[in-house]
Amino acid sequence: MLVGVYVEVVMKKLIVILLISILFINGCSISKTDELTNSEKFANEYEVDEDNSFEYITLDELEDLFLGGTGLLFFGNSDCEWCIKSAKVLNDIANEEEIELIHYFNPTTLGTDKQDKVLYLINEEIEDIEIEKLWLPSLYVIVNGEIINYSNDTLESISSDDTSENEEEKLLKNTYLKLIELYKEQV
């Protein structure tokens with residue numbers, strides 16, 4: 001009887017040692033995702049709140065937007081100081097106006113031929129105007145694939161020598177607010 005208890009205790013210890021050895025050999029892995037959500041990624045790039053409305057879209061999704069989609073489209077590049085400042089202004093307005101989605105696309109990541117394709121798509125949907133260059137930042141109002149209105153104003157482009165930065169932000173905010181109000185009227 002004593003031998004049976006002894007064997008049972010030794011077996012339990014061996015099982016525990018075996019399990020611990022397996023854990024050390026294989027390692028304990030805690031799965032951590034490195035993927036950020038759209039809003040987290042945009043917040044990191046543009047220094048805005050993580051609770052933002054920006055969603056990255058691909059070139060194919062951009063084409064779909066111009067082929068019948070509806071939404072607000074922001075072109076920008078996080079390496080551009082004016083884009084960052086404009087994104088902050090647009091983010092504040094989106095929060096105030098409860099805009100849930102702003103499509104975001106960075107055309108600088110594309111080759112020249114694909115940038116030309118983006119410019120072609122834009123020019124196909126704007127009447128009586130031909131845009132020769134895609135300016136960053138830009139905000140477009142698209143309804144059923146048609147560009148209703150847009151702005152490529154930046155804090156720099158709306159300023160004059162007599163305008164302070166705070167006044168520039170107010171001017172840009174008014175420009176973006178008008179576009180958003182137009183968008184809200186259309187949808």
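Just to be sure I understand, how many residues within the stretch 25-68 are assigned to a helix (DSSP H, G or I) and at pLDDT below 65?
Adding up the residues that qualify gives 1.
Looking at the structure I just gave you, is Leu121 modelled with pLDDT under 95, part of a loop (DSSP other than H, G, I, E, B) and out of contact with any Lys or Arg (no Cβ under 9 Å at 6 or more places or on another chain)?
No; evaluated as a whole, the condition is false for this residue.
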- prompt: Taking interchain pairs and intrachain pairs at least six residues apart, which have beta carbon atoms under 9 angstrom, with the first residue in the stretch 124-138 and at pLDDT below 75 and the second in a helix (DSSP H, G or I)?
  reply: Glu125/Phe66; Ile129/Asn123
- prompt: Out of curiosity, is Asn91 under 30 Å from Glu124 (Cα atoms), at pLDDT 90 or above, of a type outside the set (Val, Ile, Thr) and part of a loop (DSSP other than H, G, I, E, B)?
  reply: no
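Okay, residues lined up against (1) surrounded by 14 or more Cβ atoms within 10 Å (Cβ to Cβ); (2) touching a residue at least 60 places away in the same chain (Cβ under 8 Å):
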{"residue": "Leu36", "(1), (2)": "no, no"}
{"residue": "Lys41", "(1), (2)": "yes, no"}
{"residue": "Glu45", "(1), (2)": "yes, no"}
{"residue": "Phe66", "(1), (2)": "yes, yes"}
{"residue": "Leu73", "(1), (2)": "yes, yes"}
{"residue": "Lys85", "(1), (2)": "yes, yes"}
{"residue": "Glu98", "(1), (2)": "no, no"}
{"residue": "His103", "(1), (2)": "yes, no"}
{"residue": "Thr109", "(1), (2)": "no, no"}
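The values are calculated or read from the model by the stated rules, or taken from the named source; none is laboratory data. Keep in mind that this is a model prediction, so the values were computed, not measured. Every residue, glycine among them, receives a Cβ derived from its backbone with ideal geometry; neighbour counts consider all protein chains shown.
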